[in-house]
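Below you'll find the structure, written out as structure tokens, and then a few comments.
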Amino acid sequence: MSSKSSRLHPHLEEASILISAKKPRRVLNNCAMKEEFEKYADYLNQLNDKRERLVKASRDVTINSKKVIFQVHRMTKHDKGEVLEKAEKDLAAVTDQHVSKLVKELQGTDFWKLRRAYSPGIQEYVEAAVLCKFCKNGTLLSLDEINKSLLQLGDPSVEPLQINILDYLLGVGDVTGELMRLATIRTSDGELEYAETICRFVRDIYRELTLLVPDMDDNSEMKKKMETMLQSVMKIENNCYKLRVRGSEFIPMRTLNCEVKVSIVTHGEDKNLDS
Amino acid sequence: MSTSTRALSSSSSSSPLSIQNQFGDFHKQLEDSGVIRERIQSLVREMERAIRLMQSSIILIHQSLPVSEVLEKSRFQIDVLRELYKRLCEILSECPGQYYRYHGDWKTETQTVVSLLAFLHWLETGNLLIHKEAEEKLGLDSSEFGLDIEDYLIGLCFMSNELPRYVVNQVISGDYDCPREALKFLKDLHSSFLVLNLRNDFLRRKFDGMKYDLKRLEEIDYDVNIRGLSAKKPKQDQDAEA
């Protein structure tokens, strides 16, 4: 042990020689101290390695979940089924290939200890899963449903990964932004009532979340999301408003001329797509 | 929840009732964890009190109160703290595996406790209080409720901040050997810290501060030695080195 540490830090060796010549009791003391610190060093090294692995895995989950979300946005009214099927398949691949990597790293107390390392990935994953489910069934994917799908991940001998409420809620909070985009894209594609469905869904979520935010563990992140969420809700509402008001002038054209309608709906909404 | 929103929801293709159920359930769970957090926080306030009392007795060391008396005075507070940690452990046994969910609420206090214990231990024995000993002093058991190693290490850095003042006051009261002893100890501690691969975090910043304590002790040691105040002359060091 001491030879190893003195190789790493030659000056330490000098120090111990210096002391050993003077006071033998001190030598033991210094060596014992360094031996102790070797243990702490092992602990910290392992912890940091694990954290790095989690950050990497989390980033992979994020990137690939984003791809799923983009896939969902690609759907048109004609190929909805196909596109969503592909999105679901991609999502399942994210679960198997990337989320699974988190399972064995997050045993015991590490689940909460290292939450900050993996939480962004999980939030994005929840977002993608919730979005897929909404587009398919029009319902909110519950935490129980997600967690059920994660049960068989990883080695059966280790405890399964179960997403906690906080990450789920943070993920759900992000979905509204995607739904806002989806509402805009869908209306441009001519599915006018879709925006209103989304609008109702997002309002429901927003209302329920406002009740929960004060009770959340560290709610500063969530509070920020709530503001963004409210803006998304209002953008969707404004979208619906324009459809009602201006769209009414073009009722005959809706069926006759798709092009005109599209230009009305998307006019002034482009910035929403970018945001 | 107003009737208008209900009506709106019921016409929705989503199933708001299931949303409401789920979120109602979340509300319950979050309230439960909120209660646990409040219990922990009130316990931590008691900890703060015990720490303050302990600090006020330890401060007397700077006014040349004998070490034995300081140890005696702080012993009672250590018992109080041990009891508080026992209660904290009991609260956390209600939510297994969630130690680190609430850790932020007591970590600052724990770091201070470690620094005080390590300081007292050094006064008593001249040695470093190792992690296991710190746990034992607080009646902690790693298998159930351990002392986080990072908290322990941060506590040691806080302890190092105490040394220069102590040494200055020892010199004032005529103890000229103290600077040498303290310097030797802090040099050992500092070089031991160099074994660690630190991240760019709080511990790293605290450790970076330790070198100023070391520098201060070196200056005091120099001042004392250059004037031949120390019983053991610095020449002996050079002889030993050669």
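Results, tabulated for the structure shown:
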| quantity | calculated |
| --- | --- |
| Residues within region B:187-208 that are in a helix (DSSP H, G or I), open to solvent by 60 Å² or more (accessible area, probe 1.4 Å) and not aromatic (Phe, Trp, Tyr), tallied | 4 |
| Residue count for region A:118-146, restricted to those that are part of a helix (DSSP H, G or I) and within 12 Å of another protein chain (Cβ to nearest Cβ) | 10 |
| Hits in region B:197-227 (condition: among the β-branched types (Val, Ile, Thr) and farther than 19 Å from residue B:160 by Cα) | B:224, B:226 |
| Checklist (1) within 14 Å of chain A (Cβ to nearest Cβ); (2) touching a residue at least 24 places away in the same chain (Cβ under 8 Å); (3) touching a Lys or Arg at 6+ places or on another chain (Cβ under 7 Å) applied to residue B:89, failing item | (3) |
| Close pairs from region A:174-191: first on the phi < 0 side of the Ramachandran plot, partner surrounded by fewer than 22 Cβ atoms within 10 Å (Cβ to Cβ) and among the aromatic types (Phe, Trp, Tyr), Cβ under 9 Å, at least 6 apart | A:176/A:206; A:182/A:194; A:183/A:194; A:186/A:194; A:187/A:194 |
| Looking only at region B:142-162, and only at residues there that are open to solvent by 10 Å² or more (accessible area, probe 1.4 Å) and among the polar types (S, T, N, Q), the one that is farthest from the other protein chains (Cβ to nearest Cβ) | B:161 |
| Check on residue B:40, open to solvent by less than 60 Å² (accessible area, probe 1.4 Å), in a helix (DSSP H, G or I), among the hydrophobic types (A, V, I, L, M, F, W, C) and at pLDDT below 90 | no |
| Unique residue being within 10 Å of chain A (Cβ to nearest Cβ) and within 21 Å of residue A:33 (Cα to Cα) when the list is B:131, B:121, B:103 | B:131 |
| Which listed residue, of B:139, B:126, B:97, is of a type in the set (Gly, Ala, Ser), surrounded by 14 or more Cβ atoms within 10 Å (Cβ to Cβ), on the phi > 0 side of the Ramachandran plot and without any contact (Cβ under 8 Å) to a residue 12 or more places away in the chain | B:97 |
| Residues located in region A:182-214, provided they are open to solvent by 20 Å² or more (accessible area, probe 1.4 Å), more than 9 Å from chain B (Cβ to nearest Cβ) and within 19 Å of residue A:141 (Cα to Cα) | A:194, A:206, A:210 |
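The values are calculated or read from the model by the stated rules, or taken from the named source; none is laboratory data. As the structure is a computational prediction, the values presented were derived from the model and not from experiment. Cβ coordinates were reconstructed from backbone atoms using ideal geometry, including for glycine residues, and neighbour counts include every protein chain displayed. Just so you know, the surface numbers come from the protein's heavy atoms only, side chains and all, with ligands and any DNA or RNA stripped out. Shrake-Rupley method; radii C 1.70, N 1.55, O 1.52, S 1.80 Å.
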